[in-house]
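Visitor: Below is one structure. I have some questions about it.
Nothing in this text is a laboratory measurement; each read-out follows from the coordinates by a stated rule. From a predicted model like this one, the values you see are computed outputs, not experimental measurements. Quick reminder, even Gly has a Cβ in these numbers, built from the backbone with ideal geometry, and neighbours come from all protein chains shown.
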Amino acid sequence: MDNKELWQQILLKLNGIVRHDQFITWFADTAVLRIDEETLVVGVPTQFAHSWLEKNYGTAILECAQEVVPQLTQVSFVVDAGLANKDDSRTISLDEVTPSSKKIRKLPKKQEIKVTGDTTSVIFNSKYTLNNFIVGKHNRLVHAACMAVASNPGAQWNPLFIYGGVGLGKTHLLQGTGRAILRNFRDKAIVYFTAERFLNEVVDAIKKYNAQDFKSRYRSVDCLIVDDIQLLADKDRTQEEFFHLFNELYNANKQIIISSDRPPKELAGIEERLKSRFEMGMVAEVHFPDYETRLAILQNKCAQHEALIAPEVLDFIASNVHHSIRELEGVLTQAVAQMNLTSTTPTIRSVGTLLKRLVPTSQPLIGVTDEQIAAQPSVRSADDIISIVADYYRLPSDHIKGGLRKREIMIPRQICMFLIYEILGHSYDTIGDYFSGRNHTTVLHSCNKIKQRLNKDKKLLQDLHALKKEMGM
Ligand code: ADP
Ligand code: MG
């Protein structure tokens, strides 16, 4: 077996253990370089991948490797930037080790469900599924509870009461669970209410017909989901209706799932008899996730947006959001929007500016200073940019400006044009003049080439990021 076949076998095993999004992020461009006695030497494209894999998957890689080559006792990682080249012959395509069911699919459309008779249908947001909820240490319990309820509703964990701060995934879990129950049991009727909508339904029922009707409408439901129950505080009549519905469903072994911003005991303005019922089943808290989970959420989002963002930038976002996943996603969404609108790749500086605007806190940002954010780029002229790119690729500036058509020179030249356009905003004609009088269509073509390649070439993305950093961007 050669190194490639060996790595392929190990990856096949790892793919069953490592989450798919993590797998495609961290195992791309890796290879087995050699076996040194009892050590498997794995080549990785960046220092970042090195630390991440070592820290998170070292043991898993060793265990899978031992299944293939039992005498191995260690794994060591070596950074080899050449692996990031698309045509490096040592790496294998991850498609070869990914079952087709796991290949990234677009999420299905909105789903509408008819409940009993003419009762309004429930609309679950297709964004929220239990499968795309990223599980880390902090939320393993609550996720497991949701999975258990989804496969066996109305049994052990009833009611399921989920509480925690804003933007930590409660709605996601509630909707994901509802959707999963529906998938597992096609004939079950499920109703999802925000507490606000529940309130309106009760008020409507009282106005239009009578509360009895209201009850019979929902009595036949198999699973009742109420989001943000704290909003029923001091709404006595609604609480009363809810209490009766709750009892009826509970006694019939129908599943009830509730979310709240605080634990049952601390719900002010909610009747005691309701609070004690909320505590009868499973009470689980959602917490703010740790760094690794935040990073995984960001990577997952990038995959959904089909956006490539430099690992340092993702790390920067994950390190600087401290309270809510909604904020985490918000920053990423804005960064992606900016990227698409302006065809520029996000940098720590540009994301730092976004963060300061979107997530104002008194805490200083980790990884960038206010001065760096406020500073003007250190490059002022095309020559500044050409000389930084030339140094980076160890080429003389004259070669870049000149007419040689060798690949090692053409790509840095295209990068120069792209960056001059992006940073200094010069016209294509002017840019052409810096490069021995090339015409503007050549420059336009070069800039487009870089943009296109950025979508698939991680090495280029990292190079550009490093270059921009040097240019004070
Ligand atoms: P809450 O209802 O607690 O205020 P949401 O369920 O609306 O929070 O979550 C806010 C956003 O964060 C949603 O877009 C949700 O998909 C996302 N989110 C929260 N937790 C996770 C997670 N563990 N994995 C993936 N996305 C998450
Ligand atoms: Mg919510």
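Visitor: How big is D, in µm² s⁻¹, for the chain by Stokes-Einstein at 20 °C and 1.002 mPa s if Rh is the Kirkwood radius over C-alpha pairs?
Guide: Details: Rh = 25.8 Å.
Once the numbers are plugged in, D ends up at 83 µm²/s.
Visitor: Span-like helices, the chain: DSSP H, alpha-carbon axial extent 24 Å or more, mean Kyte-Doolittle 0.0 or greater, which ones?
Guide: Span-like helices in the chain: 325-342.
Visitor: Among DSSP beta bridges whose residues both lie in the range 3-103, state the antiparallel percentage, nearest 5.
Guide: On the way: 5 of 11 bridges.
For the range 3-103, the DSSP antiparallel bridge percentage is about 45.
Visitor: Quick one: length gained pulling Asn455 to Ser436 fully straight, 0.36 nm per residue minus the C-alpha distance? Walk me through the numbers on the way to the answer.
Guide: Numbers: separation 19, 0.36 × 19 = 6.84 nm, distance 2.89 nm.
In short, 3.9 nm is gained.
Visitor: Please state, rounded to one decimal and in Å, the Kirkwood hydrodynamic radius that the range 3-103 gives when every pair of distinct Cα atoms enters the mean of 1/r.
Guide: 13.4 Å
Visitor: Still on this model: If you find the alpha carbon centre of the range 179-233 and of the range 403-429, how far apart are they in angstrom?
Guide: 60 Å
Visitor: Another question, if that's okay. Just to be sure I understand the model, the point goes 7 Å from the Cα along the line to the Cβ. What's the resulting Glu408 to Ala148 distance in nm?
Guide: 6.2 nm
Visitor: Would you mind calculating the gained length between Lys208 and Asp398 on full extension (0.36 nm times residue separation, minus the Cα-Cα distance), in nm to one decimal?
Guide: 60.2 nm
Visitor: May I ask you to give the average projected area over all directions of the convex hull of the Cα atoms of the range 291-374, in nm² rounded to one decimal?
Guide: Values: hull surface 20.2 nm².
It is 5.1 nm².
Visitor: Could you give the length gained by full extension between Glu38 and Ser51, i.e. 0.36 nm per residue of separation minus their alpha carbon distance, to one decimal place?
Guide: Computed gain between Glu38 and Ser51 is 2.6 nm.
Visitor: For the chain, what relative contact order do you get, as a whole percent, if you take Cα pairs closer than 8 Å and at least 6 residues apart?
Guide: So the answer I get is 12 percent.
Visitor: With 20 Å as the cut-off, how large is the P(r) tail for the range 246-324, expressed as percent of Cα-Cα pairs?
Guide: The share of Cα pairs beyond 20 Å in the range 246-324 comes to 55 percent.
Visitor: Here is a follow-up. Taking 41 Å as R0, compute the FRET efficiency from the Cβ-Cβ separation of Leu141 and Val69 and round it to 0.05.
Guide: 0.65
Visitor: Now for a different question. One-quarter of the Cα convex hull surface for the range 352-470, in nm²?
Guide: Here the figure is 8.3 nm², rounded to one decimal.
Visitor: Neighbour counts of other C-beta atoms within 10 Å: give me Arg90, Arg34 arranged from fewest to most. The partial results should precede the final answer.
Guide: Working: Arg90 17, Arg34 11.
In order of increasing Cβ crowding within 10 Å: Arg34, Arg90.
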